[in-house]
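Structure first, then comments.
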Amino acid sequence: MRFLTRAPRRYWVVALVVIVFAGLPTQVTSFQSLEWAEVLIFAIVIMGLNLLVGYSGQISLGHGALMAAGAYTTAILVHRYHIGYLATVPIAGVLTGLLGFLIGIPALRLSALYLALATFALAVITPSLIKRPENLTQGVQGILLPPPDPPDWASSLFATVTGGPAMTSDQWLYYLCFAAAIILFWVAWNIVRRRPGRALIAIRDGEVAAAASGVNVAGYKTLAFGLSAFYAGIAGSLYGLATGFVSPDTFPLSLSFGLLVGAVIGGLGSIAGPLFGGIFTFWLPIMSSQFVQTQSWIPDQVASVFRNAGPSVTYGALLILIMIFAPNGLAGLILSGYARLRSRLRGVGERTTGQLPPDPQTV
Amino acid sequence: MQEFLQQVLSGIASGGIYASLALALVLIYNAMGLVNFAQGEMAMFATFLAFTLIGHGLSYWIALPITIALAFIGGIVIQRVVIRPVERAPVLTLVIVTLGLATLINGLAGFLFGYLPQSFPSPFSVQTVNILGAAASYRDLGVIGVSAVVLVLVYLLLQRTTLGLAMRAAAFHPEASRLLGVRVSWMLALGWGLASAVGAVSGIMVAPILLLEPNMMQTVIIYAFASAVLGGIESPLGAVIGGLIVGVTVNLAGAYVPGVGGDLQLAVAFAIIIAVLVLRPSGLLGRRAVRRA
């Protein structure tokens with residue numbers, strides 16, 4: 001039992017978070033678990049984006065497009081070739097990862113600025129590109145995906161644990177996303193704390209110095225792109241399954257924006273950040289429009305406009321404010337707040353965790 | 001042949017619009033090594049201001065200079081309030097900030113003016129006149145004329161005035177300029193104001209062709225990116241040439257390449273961006289970036 005008492009405190013926090021998320025569907029309605037499934041999906045793709053932006057210092061404004069690639073892989077495989085939906089998730093991840101790898105090769109030659117330009121353009125043209133091969137993607141109509149039924153073992157296990165009705169497909173989807181999120185967060189955690197992660201951080205903080213220290217800059221940069229796209233592909237595939245419908249309009253430019261906002265607000269260069277980011281990106285538009293609707297003093301006309309404009313105004317303002325005042329995002333704020341509290345309590349400054357870039361502006 | 005000429009001519013007209021916006025991008029790139037992702041949205045907002053002014057009964061030719069002046073002031077205010085705090089931050093931070101600015105302005109425009117597409121008045125009629133056997137509309141000719149005037153004015157300002165010299169110096173070597181008494185920070189702000197004003201012209205020119213709505217510039221900015229990248233992102237002249245080439249190429253591709261029409265014309269611009277970045281990252285007129293590696 002000694003390892004339990006000696007475990008670093010953050011392990012306890014992680015365990016607590018995992019337990020809360022594992023028990024979530026037993027406490028909320030079936031529909032709400034689907035909403036939280038989408039939160040986890042956003043958290044996964046933002047984790048991928050974080051690996052790319054926060055750790056390797058490259059930028060992508062096109063992760064919505066990569067999600068689209070994953071979602072359409074699953075949709076086409078399920079709809080046209082009748083492959084089991086579970087098998088399509090890793091296929092979507094790998095295919096999108098390859099795509100990201102291919103994007104990463106020209107990206108090698110580009111500075112961060114040009115990369116932002118190129119991926120921005122990619123995000124803008126994605127909806128029109130999807131519409132073209134119509135016999136494959138069914139054009140603007142989109143593809144319907146039937147909600148997957150939970151397997152018997154999961155259903156009966158769920159019923160025994162909760163003592164209630166059998167598992168719904170929404171709850172099954174939630175657990176799929178939950179499992180994927182745990183695996184992918186664990187993988188990311190391991191990557192950034194070991195050799196590849198250190199190489200990526202070295203590249204981010206000084207490319208020439210990294211190359212001089214024997215880091216294969218080109219290799220790691222493309223790897224970061226491929227890996228990031230792999231995350232986006234898995235998330236996109238799950239997103240298609242969760243929403244049950246993919247169409248060109250499912251993946252607008254604003255999705256790519258929202259993902260970047262989530263990554264920045266959650267905290268670049270942190271493992272917990274993407275979870276905050278996912279929660280934020282999913283709930284902010286919903287919460288803000290619900291809030292406006294419940295306020296009776298706001299006239300209807302303004303409320304309907306706010307539903308469209310509100311999220312972008314909030315997104316934009318938050319992006320700017322966070323970049324100016326808290327470049328490490330929510331995760332950074334919490335960590336520095338915690339460190340300050342501890343030093344206040346103990347009277348001495350203690351070293352904070354080594355995950356964040358020492359100078360926030362290096363991001 | 002006649003139809004071909006006509007397509008080229010209307011390509012030049014849209015090219016003039018792209019060139020103005022690309023020039024705005026180049027001005028800011030030169031001032032601080034940054035591509036301003038909010039340039040299109042700033043232009044869109046200015047166009048809405050012009051629309052409101054005209055809606056209140058002002059004549060087009062009075063509303064135009066007022067809007068340009070407002071855009072100039074707006075650009076300076078944005079630089080002072082939003083960009084200055086992160087001026088020395090790495091480029092990634094700056095890109096994210098301008099993206100935030102783009103989203104913010106887009107949302108504000110939706111909030112203030114609504115999302116219904118509005119038809120924007122044009123002082124030029126759509127009647128056509130015969131040039132070399134091709135029927136050119138007065139609107140296209142007017143757009144070409146206005147863009148040309150703007151580009152020449154910017155050229156004169158930058159190359160023939162002391163202020164322009166100071167602005168170029170501040171961008172080229174901030175430290176040395178500061179030692180010589182140039183107020184570098186204000187020169188950057190002026191650069192933003194100038195870019196914003198030039199961008200506003202492109203917005204006002206494009207609004208009668210597309211319809212005015214908050215997302216109007218989303219496609220135009222991609223063409224402007226393509227123009228700036230093609231011309232070499234630090235070269236004002238390159239931006240103009242790039243704009244014209246992009247305008248004509250996209251128009252011809254839309255007319256003659258089967259399957260490329262409507263929204264897929266954007267893909268042509270995307271292909272131009274990728275091709276230039278992979279084959280010749282410095283563009284047509286840009287300096288070759290030398291990197292120590």
(request) List the number of the failed condition for A:E38; all other conditions in (1) in contact with a Ser or Thr (Cβ under 7 Å, 6 or more places away or on another chain); (2) surrounded by fewer than 24 Cβ atoms within 10 Å (Cβ to Cβ) hold. (result) (1)
(message) For region A:75-112: of the residues being small (G, A, S) and within 14 Å of chain B (Cβ to nearest Cβ), which is farthest from B:A275 (Cα to Cα)?
(response) A:A112
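Residue-wise test of (1) in a helix (DSSP H, G or I); (2) surrounded by fewer than 21 Cβ atoms within 10 Å (Cβ to Cβ); (3) modelled with pLDDT under 70; (4) among the polar types (S, T, N, Q).
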residue	(1), (2), (3), (4)
A:Q301	yes, yes, yes, yes
A:A317	yes, yes, no, no
A:I320	yes, no, no, no
A:I324	yes, yes, no, no
A:L330	yes, no, no, no
A:Y338	yes, yes, no, no
A:S343	yes, yes, no, yes
A:R351	no, yes, yes, no
(request) State which residue pairs qualify: first residue in a helix (DSSP H, G or I) and inside region A:29-47, second residue basic (K, R) in any location, beta carbons under 8 Å apart, and separation of 6 or more residues or different chains. (result) none
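Results for (1) within 14 Å of chain A (Cβ to nearest Cβ); (2) surrounded by fewer than 24 Cβ atoms within 10 Å (Cβ to Cβ); (3) of a type in the set (G, A, S); (4) more than 30 Å from B:G114 (Cβ to Cβ), shown as yes or no for each residue.
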site: B:F172; (1), (2), (3), (4): no, yes, no, yes
site: B:L211; (1), (2), (3), (4): no, yes, no, no
site: B:T219; (1), (2), (3), (4): yes, yes, no, no
site: B:A228; (1), (2), (3), (4): yes, no, yes, yes
(message) When you check A:T96 against the structure, is it farther than 21 Å from A:G240 by Cβ, in a helix (DSSP H, G or I) and at pLDDT 85 or above, yes or no?
(response) no
(message) Taking the condition of being at the interface with chain A (Cβ under 7 Å from one of its Cβ atoms) and in contact (Cβ under 8 Å) with a residue 40 or more places away in the chain, how many residues in region B:108-121 meet it?
(response) 3
(request) Could you figure out which of (1) touching a residue at least 12 places away in the same chain (Cβ under 8 Å); (2) touching a Lys or Arg at 6+ places or on another chain (Cβ under 9 Å); (3) of a type in the set (G, A, S) isn't true of A:A210? (result) (1)
(request) Quick one: which residue in B:I66, B:I78, B:I105 is in contact with a Leu (Cβ under 8 Å, 6 or more places away or on another chain) and farther than 26 Å from B:G145 by Cβ? (result) B:I78
(request) Evaluate region A:159-174: report whether one residue or more is more than 14 Å from chain B (Cβ to nearest Cβ) and within 28 Å of A:S270 (Cα to Cα). (result) yes
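The values are calculated or read from the model by the stated rules, or taken from the named source; none is laboratory data. All figures in this text were calculated on a predicted structure; none of them were measured in a lab. Note that each Cβ is placed from the backbone with ideal geometry, even for glycine, and that neighbours are counted across all protein chains shown.
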